[in-house]
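A quick write-up on the structure given underneath.
We did not get these values from a lab; they are worked out from the coordinates using the rules stated. Computed from a prediction, not measured in an experiment: that's the story for all the values here. Please note: Cβ atoms are built from the backbone with ideal geometry, for glycine as well, and neighbour counts cover all protein chains shown.
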Amino acid sequence: MTILIDDAGTGDLLWGVVIGAYQPETETFIYDIIDVSFFKEGAFQEKKHFEEAAKISLSLVERLNLKTYEKIKVCQGDILNIAAERLKERYSEGVVERVHVEGRAQELIEGAYTDELRNLGYEPMPDRTERWGKSFWHMYDWVKRDPEERVKWAKTGFPNLRKFKIFQTR
């Protein structure tokens, strides 16, 4: 059996990041969230979100009760670099492999992230992963309509956001 680990929302303006684990043979899917606070000024520059991704990834694998014959396939995204290293330390180099995650695993993890966005009251664009630029502006416009209430859900630690007035004092 295999455990696939992937992330969703890393480059998006809103919310935190979903780290998910999927076992295709059993159709088991679980996830946890890196809170948006890890993407605010200070924590983001200190790269604390990488450590949190590692902590969550290890926890997800433990919750899925990895068997000795199973493999762990980790998405190649930067946010999971430390996670992959920690998994190798715990389970061995031969068990952990970096891959491009797609298919059902990616659908479930992206679905979990968009569900979390909907819980905020934001309706994501249906093709947001194919149109990152347009998706950014869609999210930005949503925040701008009620910045006092919505900026708290934005990843304001991203350096390029400082040029936007609504993010300058938060």
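Data table
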item: Whole-Hz ³J(HN,Hα) from phi, Karplus 6.51 cos²θ - 1.76 cosθ + 1.60, for the stretch 147-158, glycine and proline x; result: x, 4, 8, 9, 4, 4, 8, 8, 7, 6, x, 5
item: Highest-fluctuation residue, Ala53, Ala84, Ala43 considered, GNM on the chain with Cα pairs under 10 Å; result: Ala43
item: DSSP beta bridge pairing in the chain, given as percent antiparallel to the nearest 5; result: 60
item: Helix runs (DSSP H) in the chain reaching 18 Å along axis by Cα, Kyte-Doolittle at least -1.0; result: 48-63, 104-120
item: For Ile72, distant residues with modelled amide H under 5 Å away; result: Ile3, Val96, Glu97
item: Lys, Arg +1 and Asp, Glu -1 on Cβ, resulting dipole of the chain about Cα centre, debye, nearest 20; result: 620
item: Which listed pairs, of Lys40/Lys134; Lys40/Lys152; Lys144/Lys165; Lys40/Lys163; Lys73/Lys134; Lys134/Lys155, have C-alpha distances above 19 Å, in listed order; result: Lys40/Lys134; Lys73/Lys134
item: The stretch 1-77: trypsin sites (Lys or Arg not before Pro) in DSSP coil with no more than 15 other Cβ atoms inside 10 Å; result: Lys47, Lys67
item: Order of Met139, Met1 - criterion: other Cβ atoms within 10 Å of each residue's Cβ, fewest first; result: Met1, Met139
item: Neighbour cut-off at most 16 other Cβ (10 Å), DSSP loop, GluC sites (Glu not before Pro), the stretch 72-131; result: Glu93, Glu102, Glu130
